[in-house]
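Encoded as structure tokens, the structure appears first; notes follow it.
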Amino acid sequence: MSPLGDPRGAPSGLTRSEELVLGVSAAFLLFLLVAMLTGALGPTYFLFLVGLAGMYALLSLGLNAQWGFTGLINFSVAAFFGIGAYGTALMTASGSPIAGGLSPLAGLAVALVAAFALALLIGIPTLRLRADYLAIASLGLAEVVRLIALNERWLTNGSAGVRGIPGFFRGWPVLSTFPDAMPGLRIEVIPGSPVILETAFWQASLNVLLVLAFAGVAYAVLRRAHRSPWGRVLRTIRSDEDLARALGKHTYSFKMQSFVLGSLIMALAGVFYAHLNLYVGPGDLDPITTFYAWVAVILGGSGSNRGALFGGVVIVAIREGTRFLNDVALPIDPAPLRLLLIGVVIVAIMRYRPQGVLPPQRELIWPRAVDGSGAPETPDSGVRERKGGGEDE
Amino acid sequence: MAVLGYLANGLVFSSIIVLGSIGLSLVYSIADFANFAHGDTMTVGAYAALVTLGAVGGLGGAVLGLPYGFFVALAAGIAVAAVAAVATEKLVYEPLDTDSIGLLITSIGIAFVYRGVLQIGFGADFTRFDVQALRPIASLLPYGVRVTLHDVAIVASAVVLVVGLHLLLQYTDLGRKMRAMADNPELARVSGIRTKRVKLWTWVIGAGLAGAGGVFLGLFNQLAPRMGFNLLLVIFAAVILGGIGSVYGAMAGGFLIGMINQLTPLFSDVVEALPIWPGWLEAALESLVSIEYANAIAFVIMVVVLLVRPNGIAGEAAT
Amino acid sequence: MSQDNTNVADRRTLLKLTGGAGITALGGCLSTTDDGDGSDGSGSDDGDGSDGTGSDDGGDSTDPYEIGMVDSQTGSLSPFGERNQRGVDLALSAVNEVGIDGRELDVIVEDSGSENQSGIAAAQKLVNQDGVPFLIGAVGSGVSLAIYESVVEGTDVVQLSQNSTGLELTEFPGLLRMSPSGLSQANALADLIADDGYDRVALTYVNNDYGQSLTDAFVDAWDGEIAYENSHDQDQQSYSGVVSEMNGSDAEAWLFITYQAEFTTMVNEVYSSGYEAQFYGADSVSGDDVIENTPEGSMDGMRIVVPSAPVEEENYQSFADAFAEEYDRQPTSWAAYAYDCVINAALAIQAADEFTGAALQETVRRVSAPEGEAVTSFEAASEILADGGGPDDVDYQGVSGPIDFDENGDPVGFLQIQEVRDHEYEPVEFTQG
């Protein structure tokens, strides 16, 4: 079953953990589908959750680009998330103190530029530091960003936040009227318990479309990057920076590039959040977002993009799933219980499965063995013969 | 307030920070990772003391405005924090087969666990020790110094504990072994030092000091489940400023950061009084050197130190 | 799913077939809803499997009416959440003793965590998953607005905030609130301090929506000089900087617009620094936590403006008695607001034709508006409605005041001036907002 035992058959199969996750995910999806069709789960609410999961997945993907690829411990995730959200909010919202009313695409552009600038601002002093210093310094700088957002009322409206953010698709030819134009649908699988999909549902589906687009782009970019020579250098830096330097790579600039890439993706998550919630406040830059993103990445598997997606889903499951505990009378408050649960999850993962649930498998195979189409090549001969002069692909 | 007054307040706040930063630095240098659960260890100590004080009462008599029972509670806080840390080390950190980054991440989980348990047990609301509040010491008022006997107690206890640690490090066997391990762990092990035991004792001392810091923080202000975590970043700034790996550096760093935090109003007065040439720079400085940014100033200093002198004031040579 | 190395192609074909079959089956159950369907996305989007809410006719089933509530069960505003909960529970027992047309009322409470993200998620669950047509929420003004703008606006759901006093809510007529706008408080504070003979005031406020909006209104209303004005962050270990700066400003009147935890720290620091001044406070500095954790004599003479229930009114008295019997303490105005929210909602439900957001929008203001017979209990109001009366025939006078929402969704407010004497809060006088 393992790639070593059966090189020919391995790539087309899945590892045990992947199969397990796939099985569980499929069963879970089926369960959700049934719940929706019978009316136990509201479709609009479900789509909202999917949107949130996509947002956390984006954060994890961005963090993965920094930690998973290059080994940068970045604790300023919340700052980039916030700057993405504020960037677009300040450009497009009617309640913005400095601009407002621009198209959300302009907002997206401004958010990305702002994130780029902030990445440079935070990266330049911190990326030369060793890993744990980078962690602490980035956490501190993120707090500075939050305090600026909170105190500089002329810039951000201070604690009142920015209101009146339009939906992302405002002004688009077809999509802006899509939720109203679509007819209401009535699905009746179980007679007497109809599932009605109307405007709010279509609006929510547009949001999901948006986050899937963002996540898809990010995923594709990261996949490409990981397999490219650029990605190879990053992985070398992660495992042994001195080696990379000895090979003549200007490690600082590679680290900066990886940091910026990850930050841009995190800002995308912030942009989506702003157009989902239609309101942004300094409370959204609370460091807890950073810790959630970290849990998602560790849980999913450091260095693995699929793991990041998985982690994002789990985080939303923990955050919102514990809400349903309210219906079950517990002697313990749900909020500290959630905190405890997250702490236990972190410790358990680090103790029993530090590589995460879906660690990178094929992503770590030497790129030359992987052709561009995605499926890794199976060597015709053993590794030694290959190295010794066997046929190259 | 007079400059002396600010300095006095700074001294009191520094004492608490120093207790936290020494503990963190000790753990950092010997267990070799940044312990993000350190702030919550302080909270553990504080709540243990709260429970003890409630159970034991005043025990008649008082010293420096604090009933004897309070000192019993202080001892309990130190002990419980130490026990919690040792238990965590034995159950969680030791069996973990990972590097310092992995331990860092695990310690975040431990921090959440500590805080979650405390909040489940005590609720989220704030509370105070059942100790009589005091008026400032009259004889010091003419100098512009407004401190109470409690503040004196905090400073005095911190001095006692720090001196005790110094004596331990310099003159005892254990202290020597700890310093050896901090300098060069492999050499220490090779030379026969039982590193595991020394590590355990480091946890005891480091967490104990943190617990004491938490108790005094609770006395200085109030107790809430978030109290330690809120202070954690500032303590990290102190440790980094002083230099990771150096306990004395941590003392200096803690002292400095505590002072800077309390002296911020003085700084903002100075900035306002100074004529600064470009108008926008003056406006920016005035707005940034103000109480709202007091914590931010500490972080910025930390980052600047890291840039200019990555090993801090008294840190070890670059690794 | 497959355990062994199944051929990738096989799995794909299987998925395609399943998908195709599924969609075909679904198509068979599909139909479009009529246009102009009365309810918009909210109430009828889906129904919780177990009870019959969200359906057009409320008369058939005997399941309870379910409304939603977003409350601060955790986070910085959790003390308010606790008080609200007591008011809500008391109101529910009053309502369910009589019943609404033979059915009970149930409130689904979700936690906002005192912050936007969780608050919006809570509202999403209540509106889109539980399908409630009536939402009581939230405590923090920022959270209430965020919920309104991202979840409620554009639907028919009725939103009634129990505790938000921020000024911006006035600009949203669709967002009702039971506690009066902070504007009245700010005006009252300005008048109070001026009447006490001070023309210079040093002011500090908590750095969030509540603090900033109240401060802005106060600065507008205040005629004299503002010797010192600075914000402070929540959750800090020490406010000695702020306190010493207030002292350095030489103003003799100090105004605190902040929450209990922060104020307690400040009081203790003032006490241990030996400062003296006349203290004034906005509503949130008042509370048992402050009294318990500050020394005697540290706040004596302090005057606080609190939105209040009319304490002398008979219905408030009976409410206070019932409250004290149940919880062994006197109610706060926050509990009274929450109580009235639930009663108002119950009456709106009873007076409405159907249990949908659109119908409840019609009745919610009218059941407590000045037209109609003035009643002070749910029982009495319910009787009038049961006898065939409409929403205009009843005027529910709440335990927190006559309610009477204006065109902006704000109620008529009563304010109370409290003074700290012998380390206890004593009511001094009442004004109307």
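Okay, residues lined up against (1) more than 15 Å from the chain's Cα centre (by Cα); (2) over 17 Å from B:Leu24 (Cα atoms); (3) open to solvent by 40 Å² or more (accessible area, probe 1.4 Å):
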residue	(1), (2), (3)
B:Arg194	yes, yes, yes
B:Val198	yes, no, no
B:Gly218	no, yes, no
B:Ala224	yes, yes, no
B:Met251	no, no, no
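Taking the stretch C:320-336 as the search range and keeping residues that are of a type outside the set (S, T, N, Q) and touching a helix residue (DSSP H, G or I) at 6+ places or on another chain (Cβ under 7 Å), which one is most open to solvent (accessible area, probe 1.4 Å)?
Residues of the stretch C:320-336 that are of a type outside the set (S, T, N, Q), as a first pass: C:320-329, C:331, C:334-336.
Those still in the list that are touching a helix residue (DSSP H, G or I) at 6+ places or on another chain (Cβ under 7 Å) too: C:322-323, C:326-327, C:331, C:334-336.
Working: C:Ala322: 45, C:Phe323: 3, C:Glu326: 119, C:Tyr327: 55, C:Pro331: 15, C:Trp334: 14, C:Ala335: 1, C:Ala336: 0 Å².
The selected residue is C:Glu326.
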Query raised in the report: With (1) at the interface with chain A (Cβ under 10 Å from one of its Cβ atoms); (2) surrounded by 24 or more Cβ atoms within 10 Å (Cβ to Cβ); (3) part of a strand (DSSP E or B) as the list, and C:Ser114 as the residue in question, which single condition is left unmet?
Result: (3)
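Please find, within the stretch A:192-203, the residue that is most open to solvent (accessible area, probe 1.4 Å) out of those that are more than 26 Å from A:Phe214 (Cβ to Cβ) and in a loop (DSSP other than H, G, I, E, B).
Filtering the stretch A:192-203 for residues more than 26 Å from A:Phe214 (Cβ to Cβ) gives A:192-196.
This time we only want the ones that are in a loop (DSSP other than H, G, I, E, B), so: A:192-194.
Details: A:Gly192: 69, A:Ser193: 36, A:Pro194: 38 Å².
This residue is A:Gly192.
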Query raised in the report: Just one of C:Glu419, C:Glu326 is modelled with pLDDT of 90 or more and not in a helix (DSSP H, G or I); which is it?
Result: C:Glu419
Requested in this report: Would you be able to say whether some residue in the stretch C:257-276 is away from chain B (no Cβ under 14 Å) and open to solvent by 30 Å² or more (accessible area, probe 1.4 Å)?
Outcome: no
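Restricting attention to the stretch A:160-186, and to residues there that are of a type in the set (Phe, Trp, Tyr) and surrounded by 18 or more Cβ atoms within 10 Å (Cβ to Cβ), which single residue is farthest from the other protein chains (Cβ to nearest Cβ)? Steps first, please.
At the first step, the residues of the stretch A:160-186 found to be of a type in the set (Phe, Trp, Tyr) are A:168-169, A:172, A:178.
In the following step, the residues that additionally are surrounded by 18 or more Cβ atoms within 10 Å (Cβ to Cβ) were identified as A:168-169.
Working: A:Phe168: 13, A:Phe169: 15 Å.
Taking the candidates together, the pick is A:Phe169.
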Query raised in the report: Out of B:Asp151, B:Asp130, which single residue is more than 14 Å from chain A (Cβ to nearest Cβ), over 27 Å from C:Gly75 (Cα atoms) and either open to solvent by less than 40 Å² (accessible area, probe 1.4 Å) or among the acidic types (Asp, Glu) (or both)?
Result: B:Asp151
Query - Filter pass, A:Arg128 being closer than 29 Å to B:Ile257 by Cα, in contact with a Lys or Arg (Cβ under 9 Å, 6 or more places away or on another chain), open to solvent by 40 Å² or more (accessible area, probe 1.4 Å) and within 14 Å of chain B (Cβ to nearest Cβ) - result: yes
Query - Number of the condition not met by B:Asp151 [criteria: (1) among the acidic types (Asp, Glu); (2) without any contact (Cβ under 8 Å) to a residue 40 or more places away in the chain; (3) assigned to a helix (DSSP H, G or I)] - result: (2)
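State whether one or more residues within the stretch A:56-65 are of a type outside the set (Asp, Glu), in contact (Cβ under 8 Å) with a residue 40 or more places away in the chain and open to solvent by 10 Å² or more (accessible area, probe 1.4 Å). Spell out how you get there, then give the answer.
We begin by selecting, within the stretch A:56-65, every residue of a type outside the set (Asp, Glu); these are A:56-65.
Those still in the list that are in contact (Cβ under 8 Å) with a residue 40 or more places away in the chain too: A:56-65.
Within this subset, residues satisfying the condition of being open to solvent by 10 Å² or more (accessible area, probe 1.4 Å) are none.
Checking the stretch A:56-65: not a single residue is of a type outside the set (Asp, Glu), in contact (Cβ under 8 Å) with a residue 40 or more places away in the chain and open to solvent by 10 Å² or more (accessible area, probe 1.4 Å).
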Query - In the stretch A:136-186, residue modelled with the highest pLDDT [restricted to those that are more than 19 Å from A:Leu278 (Cα to Cα) and part of a loop (DSSP other than H, G, I, E, B)] - result: A:Glu152
Report task. Could you tell me whether any residue of the stretch C:288-296 is more than 20 Å from C:Gln330 (Cβ to Cβ), within 10 Å of chain B (Cβ to nearest Cβ), in contact (Cβ under 8 Å) with a residue 12 or more places away in the chain and open to solvent by less than 20 Å² (accessible area, probe 1.4 Å)? Result -> yes
Report summary line: Exception for A:Val189 within (1) surrounded by fewer than 20 Cβ atoms within 10 Å (Cβ to Cβ); (2) more than 7 Å from every other protein chain (Cβ to nearest Cβ); (3) touching a residue at least 60 places away in the same chain (Cβ under 8 Å) falls at (2)
Report task. For A:Leu47, indicate whether it is out of contact with any Cys (no Cβ under 6 Å at 6 or more places or on another chain), at pLDDT 80 or above and either within 11 Å of another protein chain (Cβ to nearest Cβ) or open to solvent by 30 Å² or more (accessible area, probe 1.4 Å) (or both). Result -> yes
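The values are calculated or read from the model by the stated rules, or taken from the named source; none is laboratory data. None of these values were measured; they are calculated from a predicted model. Neighbour counts run over all protein chains shown; Cβ positions are idealised from the backbone, glycine included. The protein model used for the area step is the full one, side chains on, heavy atoms only, and it has no ligands, DNA or RNA in it. Shrake-Rupley method; radii C 1.70, N 1.55, O 1.52, S 1.80 Å.
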